[in-house]
Amino acid sequence: MGWWELNADTLARSRFVLSPLAETFACLKLLHAGEGAHPGEQEWLRALLPRYRARLAADPVTARVVRAGLGREWIADFLTPTPRAGEPFAAEVARVRSVSPAAARAQLRVSLAGPLPADLDRDDLPERAAVLLEWVWESAVRPSWERRRRVLEADVTARTARVSQGGWASVLDSLRPGGTRWLGENRFQVNLHEYPPREISGAELLFVPVTPQRQGWVAWEEGVRYAVVYPCAGVLAGDGHAVPAGLGALLGPARAGVLVLLGSPLSTSQLTAVTGQGLGSVGRHLKVLREAGLVARRRAGRSVLYVRTPAGDVLVEAGHGGVTRRS
């Protein structure tokens, strides 16, 4: 397994940050895989995948860069610069573009675990990667960035609350189930690959959420900054929570949207972030739903979480025209 060694001060100073480029690269990986983890991703792929494939078909060199850079066990470093707090997409992608051609070629050899194909022995690899990332951002991410940002912020809110309730170990274990884990003795497992451990004490440690599921990677600027990119958890990651028309007509679209989202427990602040509604509006919807027996409230440490009752499940399932089960 790959693990990092860090002292208590480094972990205590660690923080969550959002990165438009990380979100864009995660979407690029999703397009490359061509398979969604939930209905929302599948719908997104149906809309974007033909355009993406047509673009790469028209630019076979860039297509080869993508295939080479997304190695089985290693991603070419120049494709995933380490995020920095508050950095806009333009500044992030500029760092991709600024990588030297020699470094890009060397990193592709690592991701390929072998020699560089002759058609990639060229100096425009960073530029090609930057242009493709800009295309994914403009075509697939920027139009929905405000909603994605709210989803990411809600995930950060939930995990920050979890730190206060169960400590950092509980958060690290849940970032990428089966991939990240607090091993004790100042050791943090970041993936399952057999890489040498890294001592990162004193450096900046960042946790970066992205909305596409089954995505995640690590990045670093040696001795300065280390980042773990991870997929948002549970309902927060999905766009597949559309409000059925009949349910919206019955409850009102905004209130029905809150009910649909509560298939998993969420706090008022999380619902506010995900829906984009005001805190007062969300509170009123929750009050009505509770009085109708469709939503229940429970306390988890210092947080109050809301979740659908069995009656609420039946109503949502009927609206979707079928029966689903919630774990």
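In summary, Pro83 fulfils each of the numbered conditions (1) in contact with a strand residue (DSSP E or B) (Cβ under 7 Å, 6 or more places away or on another chain); (2) over 30 Å from Asn186 (Cβ atoms); (3) open to solvent by less than 60 Å² (accessible area, probe 1.4 Å) with the single exception of condition (2).
Before we move on, is Val141 assigned to a helix (DSSP H, G or I), open to solvent by less than 30 Å² (accessible area, probe 1.4 Å), under 27 Å from Thr24 (Cα atoms) and among the aliphatic types (A, V, I, L, M)?
yes
Whether any residue in the stretch 39-56 is modelled with pLDDT of 95 or more, open to solvent by 40 Å² or more (accessible area, probe 1.4 Å) and under 30 Å from Glu194 (Cβ atoms) is what I want to check. No; the residues of the stretch 39-56 include none that is modelled with pLDDT of 95 or more, open to solvent by 40 Å² or more (accessible area, probe 1.4 Å) and under 30 Å from Glu194 (Cβ atoms). When Ala161, Ala104, Ala113 are screened for being small (Gly, Ala, Ser), over 16 Å from the mean Cα position of the chain (by Cα) and open to solvent by 40 Å² or more (accessible area, probe 1.4 Å), only Ala113 passes. None of Arg187, Arg148, Arg142 is within 26 Å of Gly276 (Cβ to Cβ), over 14 Å from the mean Cα position of the chain (by Cα) and modelled with pLDDT of 85 or more except Arg142.
Residue pairs whose Cβ atoms lie under 6 Å apart, separated by 6 or more positions or on different chains, with the first residue in the stretch 269-284 and over 15 Å from Val295 (Cβ atoms) and of a type in the set (Ser, Thr, Tyr) and the second open to solvent by less than 20 Å² (accessible area, probe 1.4 Å) and part of a helix (DSSP H, G or I), are Thr272/Val282.
Which one of these is of a type in the set (Gly, Ala, Ser) and under 15 Å from Leu28 (Cα atoms): Ala90, Ala129, Ala103, Ala94? When all the criteria are applied, what remains is Ala129. Of all the residues in the stretch 211-243, those that are of a type outside the set (S, T, N, Q), open to solvent by less than 40 Å² (accessible area, probe 1.4 Å), at pLDDT 85 or above and assigned to a loop (DSSP other than H, G, I, E, B) number 3.
The values are calculated or read from the model by the stated rules, or taken from the named source; none is laboratory data. Predicted model, so just to flag it, every value in this text is computed and none were measured. A quick note on method: Cβ atoms are made from the backbone with ideal geometry, for glycine too, and the neighbour counts reach across all protein chains shown. In case anyone asks, the SASA skips ligands and DNA or RNA and just uses the protein heavy atoms, side chains included. Shrake-Rupley method; radii C 1.70, N 1.55, O 1.52, S 1.80 Å.
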